[in-house]
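Below: one structure, written as structure tokens.
The values are calculated or read from the model by the stated rules, or taken from the named source; none is laboratory data. Everything numeric in this text was worked out from a predicted model, so none of it was measured. Please note: Cβ atoms are built from the backbone with ideal geometry, for glycine as well, and neighbour counts cover all protein chains shown. Quick note on the areas: whole protein, heavy atoms, side chains included, nothing else; ligands and nucleic acids left out. Shrake-Rupley method; radii C 1.70, N 1.55, O 1.52, S 1.80 Å.
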Number of protein chains: 2
Amino acid sequence: MNIQLESMEPIADKKRAIFESTLELVRENGFHGTPMSMVAKRAGVAAGTIYHYFKSKDQLIHELFAYAQQKPIQVISEENCETIPFKDCFFNLWFGLFTFYTRQPNVLKFFEQFLNSPYSADRPSLEQDDFFSLFIAFFERGITEGKLKKVSPKILATLANSSIITAVKLAGSDKITLQERELRQIPELLWDGMKQAA
Amino acid sequence: MNIQLESMEPIADKKRAIFESTLELVRENGFHGTPMSMVAKRAGVAAGTIYHYFKSKDQLIHELFAYAQQKPIQVISEENCETIPFKDCFFNLWFGLFTFYTRQPNVLKFFEQFLNSPYSADRPSLEQDDFFSLFIAFFERGITEGKLKKVSPKILATLANSSIITAVKLAGSDKITLQERELRQIPELLWDGMKQAA
DNA sequence: GCTTTCCAATTGAATGTTCATTCGGATTTA
DNA sequence: TAAATCCGAATGAACATTCAATTGGAAAGC
């Protein structure tokens, strides 16, 4: 319900180019290390043009966060879960997000940088975050169905999320190799911890 | 064994002041947002003095990371575990680190920023990291004793670590309140997932 | 259909600021 | 007094942001 207007009407080409370039550059060089002039060049746009779309670099970063967040929200929304058993749905969701972040390392890296920077100081609480409220609702279903322990769904959601991020980072690190079998153990371990004992 | 020389001989007062000031300022303002001039002022030192101890800002940040990492290493090392049951030791370790990071939010925030920035690009692999190798050794013990599932200890260590970080962030957020009871559920959930089924 | 008007979109050079780093000299230490 | 520390003003580069000028294309007038 709370979708941005922009996701209704297509984002101007230039604006999208600026978003995507910033995403790439922030991964490569961090927030510092990505001057506006570089964003402009990568986006194939003049420096001044950026300021036509965004009041400041600060605002660009904030809007970029909202823009990027639509992507994983999309992933969760597409896992139409109501019809299949909760446990299967859990694994689908876990691997769905795992695959998404693995394929979109820009997005993950940007999130991580953003969320650990002072930029994110004025963000809404978990419950008001579009992404997390979907996630939380999912775990509420598991509890209601008696499949999960009676643990606050915000805790379950946060743990699940961090296990996904952790797994992506592990698998993506060139310092480490993670076997297919090992990868699967991660959500299984989490499931064993969260499931309602029989 | 691989302790830095500096932890043997006391760090010069000024140097420690610079480290601690940077830690504080990076939490407050991020890497950007903490100019050397500000570090100098907070440390009660002239700008030039910093350059007596560190070749550059870059090097300051890198050395600060090594300096800060000694703190949690200390925490792990002090949990003398060999004598008590593995399960108890697991919870001690979990809460030990939880408490440490909760009391030292500067350190946690700095780690998070550092590890997600390009600074950390040239870091050693998990196995070579002093902190993680202690952690990994701990979980190896649990596997050897048959208390834990036969899952790669580096996975167990990484998951445990991220659950701690996640919990600290959750508990520390002023957007959210986490009851004592809820907090305890987190390591319990993790334990249930990791333990060898009876 | 063909001008004319108008405004959003775009440009990139210019501006002013912020900041890391330097360095010549002062001060402390041994 | 020599060496190690320390100082902080000065330097110069990097950067976010501005703005006067240009373009393109859509509506309005003829």
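Need the failing condition index for A:Cys89 against (1) buried (at least 18 other Cβ atoms within 10 Å of the Cβ); (2) under 22 Å from A:Ile18 (Cβ atoms), just the number.
Evaluating A:Cys89 over (1) buried (at least 18 other Cβ atoms within 10 Å of the Cβ); (2) under 22 Å from A:Ile18 (Cβ atoms) leaves (2) as the failure.
Kindly check whether there is at least one residue in region A:3-21 that is modelled with pLDDT of 95 or more, open to solvent by 30 Å² or more (accessible area, probe 1.4 Å) and within 14 Å of chain B (Cβ to nearest Cβ).
no
Hey, can you tell me all the residues within region B:161-190 that are facing chain A (nearest Cβ under 10 Å), of a type in the set (D, E, K, R) and in a helix (DSSP H, G or I)?
Answer for region B:161-190, where residues must be facing chain A (nearest Cβ under 10 Å), of a type in the set (D, E, K, R) and in a helix (DSSP H, G or I): B:Lys169, B:Arg181, B:Glu182, B:Glu188.
For region B:94-147, which positions are of a type in the set (Asp, Glu), within 13 Å of chain A (Cβ to nearest Cβ) and surrounded by fewer than 18 Cβ atoms within 10 Å (Cβ to Cβ)?
So in region B:94-147, the residues of a type in the set (Asp, Glu) come out as B:112, B:122, B:127, B:129-130, B:140, B:145.
Those still in the list that are within 13 Å of chain A (Cβ to nearest Cβ) too: B:112, B:122, B:127, B:129.
Scanning region B:94-147 gives B:Asp122, B:Glu127, B:Asp129.
May I ask you to list pairs of residues, at least six apart or on different chains, whose Cβ atoms are under 8 Å apart, with the first in region B:33-48 being touching a residue at least 12 places away in the same chain (Cβ under 8 Å) and the second being more than 8 Å from DNA strand D (Cβ to nearest atom) and of a type in the set (D, E, K, R)?
If the second residue must be more than 8 Å from DNA strand D (Cβ to nearest atom) and of a type in the set (D, E, K, R), the pairs left are B:Thr34/B:Glu28; B:Met36/B:Lys57; B:Arg42/B:Glu24; B:Ala43/B:Glu20.
Please go through region B:39-56 and pick out each residue that is of a type in the set (Lys, Arg) and part of a helix (DSSP H, G or I). Give the steps one after another, and end with the answer.
As a first pass, look at region B:39-56 and keep what is of a type in the set (Lys, Arg): B:41-42, B:55.
If the condition is that a residue be of a type in the set (Lys, Arg) and part of a helix (DSSP H, G or I), then B:Lys41, B:Arg42 are the ones that fit.
Can you tell me which of A:His62, A:His52 is within 12 Å of DNA strand C (Cβ to nearest atom) and either more than 19 Å from the chain's Cα centre (by Cα) or touching a residue at least 24 places away in the same chain (Cβ under 8 Å) (or both)?
Working: A:His62 fails: within 12 Å of DNA strand C (Cβ to nearest atom).
Answer to the selection: A:His52.
Given the residues B:Gln74, B:Gln59, which is the only one that is open to solvent by 70 Å² or more (accessible area, probe 1.4 Å), away from chain A (no Cβ under 14 Å) and part of a helix (DSSP H, G or I)? Spell out how you get there, then give the answer.
Details: B:Gln59 fails: open to solvent by 70 Å² or more (accessible area, probe 1.4 Å).
Just one listed residue meets the conditions, B:Gln74.
Taking region B:166-182 on its own, how many of its residues are touching a Ser or Thr at 6+ places or on another chain (Cβ under 8 Å) and either open to solvent by less than 20 Å² (accessible area, probe 1.4 Å) or small (Gly, Ala, Ser) (or both)?
7
For region A:33-56, how many residues meet the condition of being of a type in the set (D, E, K, R) and either within 19 Å of A:Asp13 (Cβ to Cβ) or within 14 Å of chain B (Cβ to nearest Cβ) (or both)?
Restricting attention to region A:33-56, the residues satisfying the condition of being of a type in the set (D, E, K, R) are A:41-42, A:55.
Filter once more, so that each one left must be either within 19 Å of A:Asp13 (Cβ to Cβ) or within 14 Å of chain B (Cβ to nearest Cβ) (or both): A:41-42.
The qualifying residues number 2.
Only residues that are without any contact (Cβ under 8 Å) to a residue 40 or more places away in the chain and either out of contact with any helix residue (DSSP H, G or I) (no Cβ under 7 Å at 6 or more places or on another chain) or part of a helix (DSSP H, G or I) (or both): list them for region B:143-160, please.
B:Ile143, B:Thr144, B:Pro153, B:Lys154, B:Ile155, B:Leu156, B:Ala157, B:Thr158, B:Leu159, listed by residue number.
Just the residues that are in a helix (DSSP H, G or I) and of a type in the set (Asp, Glu), please, taken from region A:91-142. So that I can check it myself, show each step before the final result.
Taking region A:91-142 first, the residues in a helix (DSSP H, G or I) are A:91-103, A:105-115, A:118-122, A:126-128, A:130-142.
A:Glu112, A:Asp122, A:Glu127, A:Asp130, A:Glu140 - these are the residues of region A:91-142 that are in a helix (DSSP H, G or I) and of a type in the set (Asp, Glu).
Select from region B:26-38 the residues that are under 18 Å from B:Phe111 (Cα atoms) and assigned to a helix (DSSP H, G or I) and write down the one among them that is farthest from DNA strand D (Cβ to nearest atom).
Among them, the one singled out is B:Arg27.
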